[in-house]
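Engineer: Here's a structure for you.
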Amino acid sequence: MGPLALILVGGLLYFQVNGSRLRQEDSAPRIGEHPSDLIVSKGEPATLNCKAEGRPTPTVEWYKDGERVETDKDDPRSHRMLLPSGSLFFLRIVHGRRSKPDEGAYVCVARNYLGEAVSRNASLEVA
């Protein structure tokens, strides 16, 4: 095997051996499906969709009003679940007179070693 060249072009990593043709190898995260605004009744389930693409497969985290959202991966008792697709599922929307922990502006952030992608904002309102 001869000299190896790694070339990063527009978030895609290519490699070249002995002047052979470039092949796509890894790619920076990209949001393929952005979340949409939701209006949900208190106590009802809800899903904020987010699908991320990239290689290696990006990890997805959610942020509400700039703060990281805790899911069942952080606390098994949480009413919020991070689905394998990257979407955020609420078993039931929590909303009280003094505490409105689920209402707010959400974004999903997809990361891999080549970078990160941030979705558009989606608001979750309680009817």
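Engineer: Under a Cβ-only charge scheme (Lys and Arg +1, Asp and Glu -1), can you give me the dipole magnitude of the range 42-127 about the Cα centre, in debye to the nearest 20?
Structural biologist: The calculation lands at about 120 debye.
Engineer: Going highest first, how would you order 65-72, 110-117, 47-54 by mean Cβ packing within 10 Å?
Structural biologist: Going from most to least packed, we get 47-54, 110-117, 65-72.
Engineer: Additional query: Amide H to amide H under 5 Å from Gly104: which residues, 5+ apart in sequence or cross-chain, H placed 1.01 Å off N in plane?
Structural biologist: Leu124
Engineer: Can you list residues whose amide H is under 5 Å from Glu33's amide H, if they're 5+ apart or on another chain and H is modeled 1.01 Å from N?
Structural biologist: Close amide H contacts, sequence-distant or interchain: Lys51.
Engineer: Oh, and also: Determine, from the Cβ-Cβ distance of Asp75 and Glu53 and an R0 of 30 Å, the FRET efficiency 1/(1 + (r/R0)^6), rounded to the nearest 0.05.
Structural biologist: Efficiency at R0 = 30 Å is approximately 0.60.
Each reported figure results from applying straightforward, stated rules to the coordinates on display, with no laboratory input. All values derive from a computational prediction rather than experimental measurement. Glycine gets a Cβ as well: all are built from the backbone with ideal geometry, and neighbour counts include every protein chain shown.
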